[in-house]
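Notes follow the structure.
The values are calculated or read from the model by the stated rules, or taken from the named source; none is laboratory data. Since the model is a prediction, treat every value here as computed from it, not as a measurement. Heads up, the Cβs are rebuilt from the backbone with ideal geometry, glycines too, and the neighbour counts pull from every protein chain shown. Areas reflect the complete protein model, heavy atoms only, side chains present, ligands, DNA and RNA absent. Shrake-Rupley method; radii C 1.70, N 1.55, O 1.52, S 1.80 Å.
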Amino acid sequence: MRIAVAGATGNIGALTVAALEEAGHEVVRVSRSLGVDLTTGEGLDAALTGVEAVVDATNGPAADRDEAIAFFGTSTRNLLAAEARAGVRHHVLLSIACLHRVEGNAHYAGKREQERLVSEGLVPWTIVPATQFHDFAEMVTGWTEQDGVATVAPLLLRPIAPQDVADVLAEIATGAPQGMYRDVAGPDPQDLVDMARRTHQARGRAVRLVPTWSGLFGTEMAGDVMLPGPDARIAPTTFEEWLAKQH
């Protein structure tokens with residue numbers, strides 16, 4: 001198949017490209033750095049010529065609610081309109097498990113707008129809600145770290161390996177549209193503070209972690225709110241196995 005991956009140079013996008021190519025598919029990389037801009041629509045029609053399916057693994061601003069909604073809204077409208085013109089038969093969106101349980105998070109508001117547009121659009125679709133990735137702890141402490149100290153929310157998660165997410169996206173993109181897919185999660189629950197501590201340890205970095213709910217993630221995300229649904233598809237790679245490969 002000829003499949004386009006939006007956000008092709010990002011973490012999940014690049015892995016999805018590799019998984020599809022390994023399976024013998026022709027992949028079109030959609031990324032601003034490659035001359036295709038979802039926010040303006042520039043280069044989209046040419047990129048989607050002859051494309052049968054599109055995987056949207058783009059990421060956007062996380063801090064400001066209006067900015068997140070505007071980014072995801074504009075880029076998704078442009079992408080779906082170009083897909084409709086090109087006759088694309090399947091739009092696969094990577095989304096976030098537990099998205100509809102958390103109101104206050106700006107990034108989640110943008111992703112909800114993205115889901116709404118996809119589910120109401122003309123192109124047949126599958127939305128894949130994944131839990132947070134194994135590298136999530138390192139990313140969020142990177143936002144707050146100053147002078148060797150980082151604040152981090154004590155979230156209970158069931159994190160998933162980026163490669164496992166990419167493999168699921170590649171598998172789904174080559175099949176028929178399924179609408180809202182079940183949650184995709186890793187095999188074990190983890191505490192975000194402990195994940196951050198162990199990731200820094202594996203990297204040989206000394207960072208003092210201060211658990212707090214005063215940052216981007218509030219108490220509405222406490223307890224089992226961030227855990228996947230009971231019918232979740234459980235991916236194979238544990239956090240420990242992923243960590244062992246990080247250097």
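Quick look at the numbers
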quantity: Accessible area (Å², 1.4 Å probe, nearest 10) - Phe71; calculated: 50 Å²
quantity: Cubic angstrom per residue, convex hull over Cα atoms of the chain; calculated: 123 Å³
quantity: Semi-axis lengths, Å, the range 123-247, gyration tensor of Cα atoms, sqrt of 5 times eigenvalues; calculated: 28, 17, 12
quantity: Whole-Hz ³J(HN,Hα) from phi, Karplus 6.51 cos²θ - 1.76 cosθ + 1.60, for the range 189-197, glycine and proline x; calculated: x, 9, 9, 4, 5, 5, 4, 5, 4
quantity: For Pro189, net neighbour charge (Lys/Arg +1, Asp/Glu -1) across residues whose Cβ lies under 15 Å away; calculated: -4
quantity: Crossing angle, helix 106-120 versus the chain [Cα axis fit, 0-90 degrees, rounded to tens]; calculated: 30 degrees
quantity: Nearest 10 degrees, 0 to 90: helix 162-173 Cα axis against the chain principal axis; calculated: 20 degrees
quantity: Where the chain is the region considered: accessible area per residue in Å², 1.4 Å probe; calculated: 44 Å²
quantity: Simple spin-label estimate for Val225 and Thr212 in nanometres, 7 Å along Cα-Cβ; calculated: 1.8 nm
quantity: Calculated [θ] (222 nm, deg cm²/dmol) that DSSP helices of n ≥ 4 give over the chain, each run adding -39,500 (n - 2.57); calculated: -11500 deg cm²/dmol
